[in-house]
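Read the structure below first, then the notes.
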Amino acid sequence: MRVLHIAECFAAGVRTAMLEYIASTPMIEHIVVAADRGEPMPESCDSYRVIGMAHGHVARIHQVRKLCREFHPALIHAHSSFAGVYARIGCSDVPVVYTPHCFGFERGDLPVTARRILWLAERSLVGRTAVVAACSLREARLARKLGAPSVCIPNVGRFGHDIVRAAAGESRDGISEVAFMGRITPQKDPGFALEAVRRIAALREGRVLFEWIGDGPAADRARLEDAGVRVTGWLSAEEVAAELSRCAVYVHTAAWEGFPMAVLEASQLGLPIVARAIPALEGMPEEFLADDPETVAAIAARAMGAPRTRGDCAARWDEALSGNTRGNQRDALIAAYSRAIGRAIQER
């Protein structure tokens, strides 16, 4: 089977999730069409071939059409909103599996009118969607509300056993450290994070360091750094694991998500996790979720100060994420792809 992946937003969590899909299905030939979003672009390898995405929306739609004629994929797997549009408009005779990685109408930084328009746009493209390969139970429910068939594909962390073992020895003796992670954007809500930083520092009487693993626009980066948060820039998987393993707690402050890869990676390393309570985290440990930075900070400070709480927190997240395995992801992807191809055959 040959799958053509379309990814306009080939960065941060979307990029990580997509590459894990590929790693979980080595029996499939994968071709990746991706736009450069500021992170180093991967090169073609034994697992997948990389093709640069054209510039401009119309050119990208034409590119999808051309590549379908050239490669004759069994299906297209579109990742995120713009790619979903390119794929579903660009090639009408190839089934499209669509993973929103968080629907655009979930964006809290947009006015209500814009979100309504995005909902209607998604609704209008349902007829060209063979299957929505949702990355969370919430995303699957939203797909069904739109009228699209859906399969839930559990995300998996990117750290293999070798990376986890190598990171296990990392430490910063005597100083607790709090990590945030991801692209610095309104979605990750650095303002919420900064308020949590201020309150954790007060609760811990200054005996704590803060870092943001990732990067973003210069102004947003400077805002974090001015508040005493070290911003690492983009790192390799090995470097991310090393940074996280030095930390006492991982704090996730995103205002909306599909399902956060960062939470999975922190759990892989056995970290206690405290997160903002958002719909995407349905089913996660409620005692370590909170709606406001004050409560998030209080839970994080308590976890740093009590070894038993740290252990309980890490264990609860590990239990909640026990279904996010490579095998489960592979089976769900094959089910989604088979369903898409079967539906296309029936419609012919």
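Collect the residues in the stretch 179-215 that are on the phi > 0 side of the Ramachandran plot and assigned to a loop (DSSP other than H, G, I, E, B), keeping them in residue-number order.
Correct list: 182, 189, 205, 206.
Mind checking which residues of the stretch 254-280 are over 15 Å from residue 163 (Cβ atoms) and either surrounded by fewer than 23 Cβ atoms within 10 Å (Cβ to Cβ) or in contact with a Ser or Thr (Cβ under 7 Å, 6 or more places away or on another chain) (or both)?
Across the stretch 254-280, the qualifying residues are 255, 256, 258, 259, 273, 276, 277, 278, 279, 280.
If you check every pair at least six apart or on different chains, which have Cβ atoms under 8 Å apart with a residue in the stretch 319-330 that is under 22 Å from residue 286 (Cα atoms) first and a residue that is modelled with pLDDT under 95 and open to solvent by 30 Å² or more (accessible area, probe 1.4 Å) second?
Listed pairs, sorted by first residue: 320/283.
Listed residues 182, 160, 216, 206; which is of a type in the set (Gly, Ala, Ser), over 19 Å from residue 340 (Cα atoms) and touching a Leu at 6+ places or on another chain (Cβ under 9 Å)?
After ruling out the rest, the residue left standing is 216.
Condition (residue is in a helix (DSSP H, G or I), of a type outside the set (Phe, Trp, Tyr) and either at pLDDT below 95 or within 30 Å of residue 185 (Cα to Cα) (or both)) applied to the stretch 32-51: is it met by at least one residue?
No: the stretch 32-51 contains no residue that is in a helix (DSSP H, G or I), of a type outside the set (Phe, Trp, Tyr) and either at pLDDT below 95 or within 30 Å of residue 185 (Cα to Cα) (or both).
Of the residues 300, 219, only one is out of contact with any Gly (no Cβ under 7 Å at 6 or more places or on another chain), open to solvent by less than 10 Å² (accessible area, probe 1.4 Å) and in a helix (DSSP H, G or I); which?
It is 300.
Given the conditions (1) surrounded by fewer than 17 Cβ atoms within 10 Å (Cβ to Cβ); (2) farther than 18 Å from residue 297 by Cα, report the number of the one that residue 205 does not fulfil.
The one condition residue 205 does not meet is (2).
Considering only the stretch 219-250, state which residues are touching a Leu at 6+ places or on another chain (Cβ under 7 Å) and aromatic (Phe, Trp, Tyr).
250
Which of the residues that make up the stretch 90-100 are of a type outside the set (S, T, N, Q) and either in contact with a Pro (Cβ under 9 Å, 6 or more places away or on another chain) or at pLDDT below 90 (or both)?
Hits for the stretch 90-100 are 90, 91, 93, 94.
The values are calculated or read from the model by the stated rules, or taken from the named source; none is laboratory data. Every value quoted in this text rests on a predicted model; they were computed, and no experiment measured them. No Cβ is skipped: glycine too gets one built from the backbone with ideal geometry, and neighbour counts run over all protein chains shown. We work out accessible area using only protein heavy atoms, side chains counted, and drop any ligands, DNA or RNA first. Shrake-Rupley method; radii C 1.70, N 1.55, O 1.52, S 1.80 Å.
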